[in-house]
Amino acid sequence: MPLARRIIPCLDVDNGRVVKGVRFIDIRDAGDPVEIARRYGEQGADEITFLDITASSDERETMAHVVEAVAAEVFIPLTVGGGIRALEDIRRILNAGADKVAINSAAVARPEFVREAAERFGNQCIVVAIDAKRVSVPGEPLKWEIFTHGGRRATGIDAIAWAIRMAEYGAGELLVTSMDRDGTREGFDLELMRAVSEAVPVPLIASGGVGNLEHLAEGITQGRADAVLAASIFHFGEHTVGEAKAHLAAEGIEIRL
Amino acid sequence: MAVLAIIDYGMGNLRSVSNALLRVAPAGDRVVLTSSPEVVRAADRVVFPGQGAARDCMREIVGHGLVDAVLDAAASRPFLGICMGMQVLLAHSEENGGIDCLGVYPGTVRYFGRSPRDPLSGERLKVPHMGWNQLQQSRPHPLWSGILDLSRFYFVHSYYVAPAETGLVAATASYGVDFCAALARDNVFAIQCHPEKSAEAGLQLLHNFARWNGKPA
């Protein structure tokens, strides 16, 4: 199939700086978002995702300025998530130069918001982000529950059922993060990714747990992801996006070189 | 000093389109985002971008009084349609239960289907068709200058153009079906993917458009 699988570096941005946490806590500084995005663009990243983890709303403007600066010089798709709660938030971030927004907590609070956003802006720019955690015990069928507010709040909602519902409501793509694996470097939750990918008609971005290049390949071959997202393996200079692509190509995975 | 107008009808990633054109346009040229029919009529080149749904696109260009200005530009000056700005040039779209479009070219805009399969591998394909796919150039064109055949461009769409005349096709791409990924005739070039988001190859295409004399060869 000629459509390439995508590699998406993810930048967690806190008040204008790129940071990276482990299991959503213990955050360390990784640099300037514009400089990092430019570097990933030059390395051949297929898209870039920014997650705004800023707590206070008056600092949200900072994210729009970051997007503006990046969009003026990096000509690949840009996705922004974090704090998207209203159509006005989407409009502002798209006007700053983003191509897609990722909606998470606001979708859980009011699922109709996703439908309204897709109708207003088109489903091509609406990504629903899902943070999922295993809740089944050994011996039971696998089951995942979604969490919101940066993974702090349980919802009681089944992750697979939620993914199907969000695709029906107009999400053009799903960004699924395994909370059990995020920041652990143990690899994707492949069973979660595969279960979601096979359940929905829209593309899946797998996230959470990448510690080496083989994990990226597994996400595609075993997790059936259309795109793989990673942060720390790129931020701290262990691997370039180019090395990641060469690794996938060597395994016969269709990629953009 | 030439003026390049990007038609703003309230939809899509216009900022991305203008950012990319500002990067590649000749020094001294002006790139303007506009919803004014007069500005479109006075421009030397016109870009008709678009994202979203066919019904909304048609409603917005009708509502902004832009239909005649778009048709006039497509009939007379270097004109670049992108994504939805390509699809609405056809006569009809299957989207939104069936929508009549501008009818510059005969043909229909078709849906990939909810869960199409790749005829070769049998693999289920996701819709939207989203990501980097290869453009196979069907024939030479000034806008392909400096772009290798089979270069990858960024696509995001659920519907594709099926022109009634094969002579319109300037490039194809493959996603379960081989579909028309670019069409060209006279001063019009239209492309399904997003050159403004397609890194070097896309910037090269926009660079070429910003210097194109509107002749097909």
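Accessible area of B:C83, 1.4 Å probe, to the nearest 10 Å²?
10
Let me know the shape class of segment A:55-205, please: from the alpha-carbon gyration tensor, a ≥ b ≥ c as square roots of the eigenvalues, rounded when a/c is under 1.5, otherwise prolate if a/b is greater than b/c, or oblate.
In terms of gyration-tensor shape, prolate.
Placing +1 on the Cβ of each Lys and Arg and -1 on the Cβ of each Asp and Glu in the protein assembly as shown, which of A:T62, A:F113, A:H149 has its Cα farthest towards the positive end of the resulting dipole?
The residue sitting farthest along the positive end of the dipole is A:F113.
Which residue, chosen from B:S16, B:G52, A:A37, occupies the Cα position most advanced towards the positive end of the dipole of the protein assembly as shown, where the dipole is computed from +1 (Lys, Arg) and -1 (Asp, Glu) charges on Cβ about the Cα centre?
About the Cα centre, the residue reaching furthest to the positive side is B:G52.
With r as the distance between the Cβ atoms of B:L120 and A:L142 and R0 = 25 Å, compute the FRET efficiency 1/(1 + (r/R0)^6) and round to 0.05.
My answer for the efficiency is 0.20.
Residues of the protein assembly as shown: accessible area per residue at 1.4 Å, in Å²?
37
log10 I(q)/I(0), Debye, Cα-only the protein assembly as shown, no solvent, q = 0.13 Å⁻¹?
Debye intensities relative to I(0), on a log10 scale: -1.19.
Taking the Cβ of A:A72 as the centre, find all other residues whose Cβ is under 13 Å away and add up their charges (Lys, Arg: +1; Asp, Glu: -1). It would help to have the intermediate numbers written out before the result.
On the way: positive: A:R38, B:R15, B:R23; negative: A:E68, A:E73, B:E196.
Net charge in that neighbourhood comes out at 0.
How much FRET efficiency would the formula 1/(1 + (r/R0)^6) give for B:D44 and B:D178, where r is the Cβ-Cβ distance and R0 is 41 Å, rounded to 0.05?
About 0.75, to the nearest 0.05.
Check cross-link reach from B:K215 to the lysines: straight Cα distance under 17 Å, and skip same-chain residues fewer than eight apart.
none
For segment A:134-243, which chymotrypsin sites (Phe, Trp or Tyr not before Pro) pass both filters: DSSP loop (anything but H, G, I, E, B) and at most 15 other C-beta atoms within 10 Å? Provide the component values of the computation, followed by the final result.
Working: sites: A:W144, A:F147, A:W162, A:Y169, A:F188, A:F234, A:F236; in loops: A:F188, A:F236.
Hits after loop and neighbour filter: A:F236.
Taking +1 at the Cβ of each Lys and Arg and -1 at the Cβ of each Asp and Glu, which of B:S35, B:L206, B:G85 sits farthest along the dipole of chain B towards its positive end, judged by Cα position relative to the Cα centre?
My answer, from the dipole projection, is B:L206.
Please state the charge dipole magnitude for the protein assembly as shown, taken about the Cα centre, from unit charges on C-beta atoms (+1 on K and R, -1 on D and E), reported in debye and rounded to the nearest 20.
440
Could you tell me whether segment B:155-204 comes out rounded, prolate or oblate from its Cα gyration tensor? Rule is a ≥ b ≥ c as square roots of the eigenvalues, rounded for a/c under 1.5, then prolate if a/b exceeds b/c, otherwise oblate.
Cα axes put segment B:155-204 in the oblate bin.
Where both residues lie in the protein assembly as shown, what percent of DSSP beta bridges are antiparallel, nearest 5?
Beta bridges within the protein assembly as shown, antiparallel portion: roughly 45 percent.
Mind jotting down the distance between the C-alpha centroids of segment B:36-82 and segment A:183-231, whole Å?
About 41 Å separates the Cα centre of segment A:183-231 from the one of segment B:36-82.
Using the Cα centre as the reference, give the magnitude of the dipole from point charges on the C-beta atoms of segment B:1-155 (Lys, Arg: +1; Asp, Glu: -1; all else neutral), rounded to the nearest 20 debye. Display every interim value, and only then the final one.
Values: 15 positive and 14 negative charges, 87 e Å.
Result for segment B:1-155 is approximately 420 debye, rounded to the nearest 20.
Given points 7 Å out from each Cα along the Cα-Cβ axis, report the A:D32 to A:E119 separation in nanometres with one decimal.
If labels sit at A:D32 and A:E119, their model points lie 4.4 nm apart.
Give me, ordered by chain and number, the residues 5 or more places off B:E123 or on other chains with an amide H under 5 Å from its own placed amide H.
Residues meeting the amide H criterion: B:D118.
Leaving out ligands, DNA and RNA but keeping every protein chain, what accessible area does B:Y159 have, in Å² rounded to the nearest 10, with a 1.4 Å probe?
40
Provide the FRET efficiency to the nearest 0.05 for the A:E243-B:V62 pair, computing r from the beta carbons and using R0 = 41 Å.
The value I calculate is 0.25.
Rounded, prolate or oblate, given the Cα gyration tensor of chain A, with a/c below 1.5 counting as rounded? Walk me through the numbers before you get to the answer.
Details: a/c = 1.32, a/b = 1.03, b/c = 1.29.
Cα axes put chain A in the rounded bin.
The values are calculated or read from the model by the stated rules, or taken from the named source; none is laboratory data. For clarity, every value in this text was computed on a predicted model and none was experimentally measured. Reconstructed Cβ throughout: ideal geometry from the backbone, glycine too, with neighbour counts over all protein chains shown. Just so you know, the surface numbers come from the protein's heavy atoms only, side chains and all, with ligands and any DNA or RNA stripped out. Shrake-Rupley method; radii C 1.70, N 1.55, O 1.52, S 1.80 Å.
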